[in-house]
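Notes for the one structure printed next.
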Amino acid sequence: MRLLIAMMKHETNTFSPVPTPLARFGNGRGPRYGDDAIRAYRGTGTVTGAYLELAAEAGAEIVLPIAANAPPSGPVEDSAYEHMTDTICRAVEAGGFDGILLDLHGAMVTKKLEDGEGALLQRIRAVDAKTPIAVALDMHANLYDAMIDNATVVAGYRTYPHVDMAETGRLAGSILLRTLRGEVRPVMAWGNAPMLPHVMRQGTADHPNRELQARCARMAHDGALAASLFTGFPHADIRNAGLSAVVVADGDMALAQRLRDDLLAQAWHDREAFVFQIEPLRAAVARARQMAPSQPGEGPIVLLDHYDNCASGGTMDTTVVLAEILRQGLQDVAAFAIFDPAAVAQAIAAGIGATVTLSVGGKLKMPAIPAESPPLTVTGRVKTITDGRFRNRGPMGRGVMSEMGASVVLDTGAVEIVLISQHQEPSDLNCLLSLGIDPMQKRYVMLKSRVHWRAGLGPLARAVVECAGVGVCTSDYGQLTFKHVRRPIYPLDLVNR
């Protein structure tokens with residue numbers, strides 16, 4: 001047996017000013033290829049890691065032409081997209097494969113294309129019309145017909161934070177292998193609902209997504225090979241942004257359609273619960289101040305700067321929440337993190353132990369939103385300097401090497417501010433431990449995150465306070481101008497059906 005495995009992943013925030021050239025993929029070093037890609041992902045808790053494991057179990061020959069994954073940002077440069085898809089399609093053209101396993105995101109937008117994944121699948125089918133294709137997608141995928149029409153099986157993550165990437169890859173890959181053995185004949189039904197769930201209400205620890213994903217899991221007992229509810233990625237101003245579902249059945253299209261309709265109906269019924277209620281920033285920080293634990297070690301209060309989450313395309317350099325923390329005098333705080341390569345370089349030049357005054361953040365303009373975040377002037381001691389590399393301990397992305405670029409910790413006395421030079425969401429505990437910060441020894445931890453932080457740090461939190469700052473990941477849809485998404489759509493419009 002001969003299998004082609006490929007990864008091409010990007011969640012595109014069309015409101016983000018952060019560019020997405022080819023170099024952004026692969027921790028800022030560009031994609032990985034061939035044996036290098038296999039070494040990087042073998043044994044990791046990722047979709048590609050699961051594909052490699054399945055292939056090894058089956059005794060299959062593996063070809064992995066490219067593994068490309070970039071943090072969310074603005075639309076992918078066309079030249080980068082063409083390079084990645086050309087690399088995959090050249091491998092397909094070489095032929096001789098029994099199956100193709102793709103690790104995609106499902107919300108890739110390029111300068112020219114709304115549906116980067118669907119266009120890739122169409123290109124593959126133009127070269128090879130018959131070889132079965134398995135596709136694993138992120139829960140935040142925005143589905144289009146081309147994704148489903150040109151694949152054999154599609155399966156999506158059921159957890160947010162995404163701690164089931166490997167399980168999803170194993171599910172999609174196993175169905176493909178069963179198809180090759182003639183054990184099943186997959187058919188798929190998909191559809192979407194006219195709704196844009198707020199990302200802050202999509203976590204699978206909470207209603208309503210908790211129940212929706214549990215229903216997906218139970219559908220295996222109803223005869224489904226796979227059932228996926230995609231909450232969608234709302235910060236993409238494209239026609240099909242929003243919630244959708246796909247069900248894979250064994251030759252029974254009527255069953256797939258009925259189960260798909262059940263998921264969509266349940267999601268629509270619970271649509272109001274997908275709307276995020278915003279608390280003013282000053283009130284949120286004041287509330288956190290009143291909740292302060294009497295001493296470190298009781299677990300920190302987590303302050304979420306969720307409007308500026310780089311894992312949703314945020315610049316990660318807005319300073320409004322940090323400034324409010326300083327203004328209200330919170331003590332014993334760790335703040336992760338401000339993206340500011342220039343400030344990092346200044347701190348490194350000053351050296352460990354030096355006291356420096358820096359202008360941090362506020363460097364990237366955000367023309368898509370009617371708000372600004374000016375640089376913040378802070379004075380502190382350079383406490384830590386690192387190369388920013390750490391290996392994820394999991395459960396999310398276990399074993400994957402992450403890179404923050406050159407990084408420093410600036411201690412102001414009240415707040416230890418992490419400054420980084422590559423975007424990195426704090427989804428893994430090692431992002432802090434690698435810098436010498438133990439969150440259990442802090443009264444507060446400010447994180448530029450929305451939900452993924454719960455994977456690595458959630459069990460440590462004494463309480464959570466959501467802070468509405470400034471950024472292109474805003475939970476206030478009134479700050480965003482949607483021109484291309486289908487209308488009417490809830491909650492942008494009051495939709496009844």
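Miscellaneous remarks
- Taking the stretch 199-227 as the range and being assigned to a loop (DSSP other than H, G, I, E, B), open to solvent by 10 Å² or more (accessible area, probe 1.4 Å) and touching a strand residue (DSSP E or B) at 6+ places or on another chain (Cβ under 8 Å) as the test, the residues that pass are Ala220, Gly223.
- If the condition is being of a type in the set (Val, Ile, Thr) and within 19 Å of Ile5 (Cα to Cα), then the stretch 129-176 contributes Thr131, Ile133, Val135, Ile148, Thr152, Val153, Val154, Thr168, Ile175.
- Any hit, the stretch 334-348, residues being in contact with a strand residue (DSSP E or B) (Cβ under 7 Å, 6 or more places away or on another chain), open to solvent by 10 Å² or more (accessible area, probe 1.4 Å) and in a strand (DSSP E or B): yes
- Selection of helices (runs of 4 or more DSSP H) fully inside the stretch 228-329 by the criterion of at least 3 residues being of a type in the set (Lys, Arg) returns 281-290.
- Checking His269 against (1) touching a residue at least 12 places away in the same chain (Cβ under 8 Å); (2) closer than 18 Å to Gln202 by Cα, the condition it does not meet: (1)
- Of the candidates Leu4, Leu52, the single residue that is of a type outside the set (D, E, K, R) and in contact (Cβ under 8 Å) with a residue 60 or more places away in the chain is Leu4.
- Candidates in the stretch 349-364 are the residues that are open to solvent by 60 Å² or more (accessible area, probe 1.4 Å) and under 26 Å from the mean Cα position of the chain (by Cα); of these, the one that is nearest to Ala414 (Cα to Cα) is Lys363.
- Considering Gly43, Gly30, Gly26, Gly34, the condition of being on the phi > 0 side of the Ramachandran plot, open to solvent by 40 Å² or more (accessible area, probe 1.4 Å) and not basic (Lys, Arg) is satisfied by Gly43 alone.
- Looking across Thr319, Thr315, one residue alone is of a type in the set (S, T, N, Q), surrounded by 14 or more Cβ atoms within 10 Å (Cβ to Cβ) and farther than 22 Å from Tyr477 by Cβ. It is Thr319.
- Contact map, the stretch 125-149: first residue closer than 26 Å to Gly182 by Cβ, second residue among the basic types (Lys, Arg) and open to solvent by 20 Å² or more (accessible area, probe 1.4 Å), Cβ cut-off under 9 Å, separation 6 or more or different chains; pairs are Ile133/Arg125; Asp149/Arg125.
- All conditions in (1) without any contact (Cβ under 8 Å) to a residue 60 or more places away in the chain; (2) open to solvent by 20 Å² or more (accessible area, probe 1.4 Å); (3) of a type in the set (Ser, Thr, Tyr) hold for Thr14, with the sole exception of (1).
- The single condition from (1) open to solvent by less than 10 Å² (accessible area, probe 1.4 Å); (2) farther than 14 Å from Ala273 by Cβ; (3) touching a Ser or Thr at 6+ places or on another chain (Cβ under 7 Å) that Ala189 fails is (3).
- Residues of the stretch 290-312 that are surrounded by fewer than 17 Cβ atoms within 10 Å (Cβ to Cβ) and either among the charged types (D, E, K, R) or within 25 Å of Ser16 (Cα to Cα) (or both): Glu298 alone.
- The criterion of being buried (at least 22 other Cβ atoms within 10 Å of the Cβ) and in a helix (DSSP H, G or I) does not hold for Leu102.
- Residue check for Lys112: more than 26 Å from Ala23 (Cα to Cα), open to solvent by 30 Å² or more (accessible area, probe 1.4 Å) and either assigned to a helix (DSSP H, G or I) or at pLDDT 95 or above (or both): no
- Elements of type strands (runs of 3 or more DSSP E) in the stretch 365-462, at least 3 residues being surrounded by 20 or more Cβ atoms within 10 Å (Cβ to Cβ) and of a type outside the set (Ser, Thr, Tyr): 376-386, 407-411, 415-420, 444-447
The values are calculated or read from the model by the stated rules, or taken from the named source; none is laboratory data. Quick caveat: nothing in here was measured; it's all calculated off a predicted structure. Because the Cβ atoms are built from the backbone with ideal geometry, glycine has one as well, and the counts that use them run over all protein chains shown. These area figures cover heavy atoms from the full protein model, side chains too; ligands, DNA and RNA do not enter into them. Shrake-Rupley method; radii C 1.70, N 1.55, O 1.52, S 1.80 Å.
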